[in-house]
Each structure stands twice: as C-alpha cells, then as structure tokens.
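Undergrad: Structure below; questions to follow.
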Amino acid sequence: MNPPDLVLGAVAYAPKVVTIWEGFKTWFQQRGLQFDYVLYSNYEAQVEAQFNGSIHLAWNSPLAWVRADRIARSLGQSVQAIAMRDTDRDLRSVIVTRADGPIQSTADLRHRTLGVGAIDSPQATLLPLHHLRSSDLVDGRDFEVRRFDALGGKHGDHIGGERDAALALLRDEIDAACMIDSNLLAFSLDGTLPAGSTRVILKTMPYDHCNFTTSPDAPAYAISQFVDLLLSMRWDDPEVRPLLELEGLKQWLPGRTSGYAALERAVDEENFYGPDGSIRSADYRY
C-alpha cells in the first residue's frame, strides 16, 4: 500500500472530530488525493509534529498558528496559512456583566473579579486581557482574574470554561465574564444566560481564528491539490454539506494572517510563548 500524499493533524476536542475527518478523508480520496489524518490530544503536540516529519499540514487554532510560525522562523523555515473557514474571519470576544449589577463599563472592573476561560484560550482569556491592557486595566493590579481552566491544550476549542464562567456570573461569584460573542449568543439560546440577564461592557477588535497551516516540508503538489479541492466544496452539495455543518462553516476561504496581530501581542504580554515558540507559561498544563 502506498503512503498517503498528504497527512493532516487535527486536535480531538470533541467526538465529532472523528466523523468530520473520516468524511473528508473519503471525499478527498474519491477525487484523487490520497489523504489521511492523525488526531492529537492537544495543539502543542500537533505543532511539534509539524517539525518532526509526522504531518504535512495541521488544522491549527490561532494560538497554534502563532507557535508554529515562531518555531519556523527560529529555524530559518516557513509555514503558511493556506485556508480557513468563512466563520474564522473577523470574530470578536466580549466581556459581560449582570444586567442588574453595578458595572456599567470596563472602568468599573477596578477592584472586581473577572472570569476568564482556559489559560490557553485566545478568545476567552488572552485577547480580552490584552484589550483591557490597552485601556490601562491590568490583571493582578487593577482587578483579579478567576480562571475557568477547562481542557488545557485545546486552546479554548472546548467551550466548557466559558460556560463555567457564565454560570459563575449568574451565581454572582464573579463580577464579569469573558467569552467569544458566538458563545454569548449560544448561551442565550440554550438558557445558560437567560434573555436580558447580561450587559456587554467590552467588544474586542475583530480577529481571525483557525487555519490550515503547512509544515515546512509539505509536498507542494499535494498542498495545491488539497487547497483546490477544499475551495471547491459547496454548501449545496448534499454529500459534503453535513461535514461543513459539523465543522461550522458554509464556505472555505483562502488563508490570511492579518487577523492575528492582537493575539501576537497578547502572547508576548502574557509571556505564553517565547520568540522561538518555546512554552513559557509556568501554569500551563496540557
């Protein structure tokens, strides 16, 4: 049996990941691309696999992209963000408080407690704290942080930490909570946060989320074929639509890196990764 033309790494943050990539594997193979995938329990192992020859391509979180890019640059190599979902572009995170509480603006967070998500969550920890610093509000100096640290290594792909923070807000255990705006909507729809129970006091600037990141030694011909096939997927195709729905998109788009600048700054402020991609956060467990 010949080896696959292209091996992708993906993180198993939920059981549906197997269904998604088994379906895509079949779809790619039917169109002439011998494709396979490897699942990892965390993004740190997946990024490292990009540099030891284990995988040609990774479905990376934005934080994993930052690390892969830093490792590559430190080695005199390069990685490329070649594609992303339509739903990965121009996202925002929010900080919410209780609608019946005294906090009206971010200035009122002084001497209060802010609930954040997992330590490695771009959307519910790193980016909101960065935006508060831009307003001269620094965690540990101006307000306390309570971390809801669910499933380290998943980079916030699992919403458990954000849900736990939302519930703690309702119980009045914290004064405000961070989450991506799509989860604020989801929590309103599923009853986690009853309608009218919260007030948004901060929206971050737009940022981008996941992308397909090439490994330095990825075969150019297979990457080109992968991108062509990926971008050819159509929402109205009954064969592929269930997979797109599971992966949370309607259309694949070309990759871009312009939406990661704020996260780069947040990573440096938190000393999460070094310039060479080394893990510096002492509290990080994955």
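Undergrad: For the range 151-167, which positions are surrounded by 21 or more Cβ atoms within 10 Å (Cβ to Cβ) and in a helix (DSSP H, G or I)?
TA: Matches in the range 151-167: GLY161, GLU162, ARG163, ALA165, ALA166.
Undergrad: Could you go through the range 253-270 and let me know if any residue there is more than 25 Å from VAL116 (Cα to Cα), in a strand (DSSP E or B) and either of a type outside the set (Ser, Thr, Tyr) or over 17 Å from the mean Cα position of the chain (by Cα) (or both).
TA: Yes: one or more hits.
Undergrad: Follow-up. Can you work out which of the residues in the range 128-150 that are of a type outside the set (Asp, Glu), in a loop (DSSP other than H, G, I, E, B) and in contact (Cβ under 8 Å) with a residue 12 or more places away in the chain is nearest to LEU193 (Cα to Cα)?
TA: The selected residue is PHE148.
Undergrad: In the range 1-54, how many are more than 22 Å from the chain's Cα centre (by Cα) and aromatic (Phe, Trp, Tyr)?
TA: 3
Undergrad: If THR213 satisfies all but one of (1) in contact (Cβ under 8 Å) with a residue 12 or more places away in the chain; (2) not hydrophobic (A, V, I, L, M, F, W, C); (3) not in a strand (DSSP E or B), what's the number of the condition it fails?
TA: Just one mismatch for THR213, condition (3).
Undergrad: Restricting the range 125-148 to residues that are hydrophobic (A, V, I, L, M, F, W, C) and in contact with a strand residue (DSSP E or B) (Cβ under 8 Å, 6 or more places away or on another chain), which is most open to solvent (accessible area, probe 1.4 Å)? First the steps, then the outcome.
TA: Of the residues in the range 125-148, the ones hydrophobic (A, V, I, L, M, F, W, C) are 126-127, 129, 132, 137-138, 143, 145, 148.
From the residues that got through so far, the ones that are in contact with a strand residue (DSSP E or B) (Cβ under 8 Å, 6 or more places away or on another chain) too are 127, 129, 132, 137, 143, 145, 148.
On the way: LEU127: 2, LEU129: 7, LEU132: 0, LEU137: 4, PHE143: 5, VAL145: 56, PHE148: 21 Å².
Looking at residues that are hydrophobic (A, V, I, L, M, F, W, C) and in contact with a strand residue (DSSP E or B) (Cβ under 8 Å, 6 or more places away or on another chain), I get VAL145.
Undergrad: Now, a different point. For the subset of the range 190-206 comprising residues that are closer than 23 Å to HIS155 by Cβ and among the β-branched types (Val, Ile, Thr), which member is surrounded by the most Cβ atoms within 10 Å (Cβ to Cβ)?
TA: Top of the filtered list is THR204.
Undergrad: Sticking with this one: Please verify whether VAL227 is part of a helix (DSSP H, G or I), surrounded by 13 or more Cβ atoms within 10 Å (Cβ to Cβ) and more than 18 Å from the chain's Cα centre (by Cα), treating the condition exactly as stated.
TA: Details: part of a helix (DSSP H, G or I): yes; surrounded by 13 or more Cβ atoms within 10 Å (Cβ to Cβ): yes; more than 18 Å from the chain's Cα centre (by Cα): yes.
Here the answer is yes, as VAL227 does meet what is asked.
Undergrad: Moving on. Name the helices (runs of 4 or more DSSP H) wholly within the range 5-124 that hold at least 1 residues that are among the basic types (Lys, Arg) and open to solvent by 10 Å² or more (accessible area, probe 1.4 Å)?
TA: Of the helices (runs of 4 or more DSSP H) lying wholly inside the range 5-124, those with at least 1 residues that are among the basic types (Lys, Arg) and open to solvent by 10 Å² or more (accessible area, probe 1.4 Å) span 16-30, 62-74.
Undergrad: Go through (1) touching a residue at least 60 places away in the same chain (Cβ under 8 Å); (2) open to solvent by 30 Å² or more (accessible area, probe 1.4 Å) for PRO219 and report which single condition fails.
TA: Of everything listed in (1) touching a residue at least 60 places away in the same chain (Cβ under 8 Å); (2) open to solvent by 30 Å² or more (accessible area, probe 1.4 Å), PRO219 misses just condition (2).
Undergrad: Is it true that ALA261 is open to solvent by 40 Å² or more (accessible area, probe 1.4 Å), under 19 Å from ASN60 (Cβ atoms) and without any contact (Cβ under 8 Å) to a residue 60 or more places away in the chain?
TA: Numbers: open to solvent by 40 Å² or more (accessible area, probe 1.4 Å): yes; under 19 Å from ASN60 (Cβ atoms): yes; without any contact (Cβ under 8 Å) to a residue 60 or more places away in the chain: yes.
So ALA261 fits the description; yes.
Undergrad: Report yes if PHE187 is more than 17 Å from the chain's Cα centre (by Cα) and either open to solvent by less than 50 Å² (accessible area, probe 1.4 Å) or modelled with pLDDT of 95 or more (or both), otherwise no.
TA: Working: more than 17 Å from the chain's Cα centre (by Cα): yes; either open to solvent by less than 50 Å² (accessible area, probe 1.4 Å) or modelled with pLDDT of 95 or more (or both): yes.
Yes.
Undergrad: Kindly establish whether ARG280 is without any contact (Cβ under 8 Å) to a residue 12 or more places away in the chain and among the charged types (D, E, K, R). Lay out the reasoning, then the answer.
TA: Working: without any contact (Cβ under 8 Å) to a residue 12 or more places away in the chain: yes; among the charged types (D, E, K, R): yes.
Criteria met by ARG280.
Undergrad: Then there is this: Based on this model, can you work out whether HIS209 counts as closer than 30 Å to VAL7 by Cβ and either touching a Ser or Thr at 6+ places or on another chain (Cβ under 7 Å) or open to solvent by 20 Å² or more (accessible area, probe 1.4 Å) (or both)?
TA: So HIS209 fails the test.
Undergrad: Is one or more of the residues making up the range 172-182 closer than 29 Å to ALA68 by Cα, open to solvent by less than 40 Å² (accessible area, probe 1.4 Å), touching a residue at least 12 places away in the same chain (Cβ under 8 Å) and of a type in the set (S, T, N, Q)? Give the steps one after another, and end with the answer.
TA: Keep residues of the range 172-182 that are closer than 29 Å to ALA68 by Cα, which gives 178-182.
Within this subset, residues satisfying the condition of being open to solvent by less than 40 Å² (accessible area, probe 1.4 Å) are 178-180.
Next cut, touching a residue at least 12 places away in the same chain (Cβ under 8 Å) only: 178-180.
Filter again for of a type in the set (S, T, N, Q), leaving none.
There is no residue in the range 172-182 that is closer than 29 Å to ALA68 by Cα, open to solvent by less than 40 Å² (accessible area, probe 1.4 Å), touching a residue at least 12 places away in the same chain (Cβ under 8 Å) and of a type in the set (S, T, N, Q).
Undergrad: Separate question: On the given criteria, is TRP235 more than 15 Å from VAL7 (Cα to Cα) and buried (at least 17 other Cβ atoms within 10 Å of the Cβ)? Spell out how you get there, then give the answer.
TA: Values: more than 15 Å from VAL7 (Cα to Cα): yes; buried (at least 17 other Cβ atoms within 10 Å of the Cβ): no.
For TRP235, the condition - more than 15 Å from VAL7 (Cα to Cα) and buried (at least 17 other Cβ atoms within 10 Å of the Cβ) - is not met.
The values are calculated or read from the model by the stated rules, or taken from the named source; none is laboratory data. Keep in mind that what you see is a predicted model, and the values were worked out from it rather than measured. Note: ideal-geometry Cβ built from the backbone for every residue, glycine included; neighbour counts use all protein chains shown. These accessible areas exclude ligands, DNA and RNA; they are computed on the full protein's heavy atoms, side chains included. Shrake-Rupley method; radii C 1.70, N 1.55, O 1.52, S 1.80 Å.
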